[in-house]
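Everything on this sheet refers to the single structure shown next.
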Amino acid sequence: MRRDIFQAIADPTRRAILVLIAIQAMTPNAIAEHFDMTRQAVSKHLKILSECDLLKQEYQGREIYYQLEIDKMKEVDKWLEQFRKIWENRFQQLDKLLLHLKKHNQ
């Protein structure tokens, strides 16, 4: 079953997992140590993130290491870019208004 990437990152625990593995690849046990929940609950979050292709698995011997899938995160960034432009435009308009008000009050 394919999951929606935005539903996956809507969960704060999954976002925290992404932040952790963005720094370095980690095993499920190492990830679970950072959360006050069962190892099975962490595994469920990892499964959802993997199903969305936000994580990739690398096997080193008998250990599985999860890494952030940067290309998939770029899709999220691309979608957010449209809003970033809107916010920047609004901030520029606010700056202009504040400058105008400041000039009129001097």
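Each value in this text was obtained by applying a stated rule to the coordinates, not by laboratory testing. Please read all numbers here as calculations on a predicted model, not as lab measurements. Reconstructed Cβ throughout: ideal geometry from the backbone, glycine too, with neighbour counts over all protein chains shown.
Out of 97, 68, 50, whose Cα points farthest toward the positive end of the dipole of the chain (charges: +1 Lys, Arg; -1 Asp, Glu; placed on Cβ)?
97
For residue 67 and residue 104, calculate 0.36 nm times their separation in residues minus their Cα-Cα distance, and state this gained length in nm to one decimal.
Working: separation 37, 0.36 × 37 = 13.32 nm, distance 5.47 nm.
So the extension gain works out to 7.8 nm.
If you only keep lysine pairs separated by 8 or more in sequence, or across chains, how many in the chain come under 22 Å at the Cα atoms?
Close lysine pairs under the 22 Å cut-off: 11.
Place a +1 charge on the Cβ of each Lys and Arg in the chain and a -1 charge on the Cβ of each Asp and Glu, then give the dipole magnitude about the Cα centre in debye, rounded to the nearest 20. List each step's numbers first, then the result.
Details: 18 positive and 15 negative charges, 96 e Å.
Charge dipole, the chain, about its Cα centre: 460 debye, nearest 20.
Based on the Cβ-Cβ distance from residue 80 to residue 13, what FRET efficiency comes out when R0 is 25 Å, to the nearest 0.05? Let's see the in-between values first.
Numbers: r = 21 Å, r/R0 = 0.82.
Rounded to the nearest 0.05, the efficiency is 0.75.
Give me the Å³ per residue figure for the convex hull around the C-alpha atoms of the chain. Show your work: numbers first, answer last.
Working: hull volume 15.0 nm³, N = 106.
That works out to 142 Å³ per residue.
Are there GluC sites (Glu not before Pro) in region 1-73 that DSSP puts in a loop and that have at most 12 other Cβ atoms within 10 Å, and which ones?
Values: sites: 33, 51, 58, 63, 69; in loops: 33, 69.
Within region 1-73, the qualifying GluC sites (Glu not before Pro) (loop, at most 12 other Cβ atoms within 10 Å) are 33.
Which residue fluctuates most in the GNM of the chain (Cα springs below 10 Å): 82, 40, 92?
Looking only at 82, 40, 92, the biggest GNM fluctuation is shown by 92.
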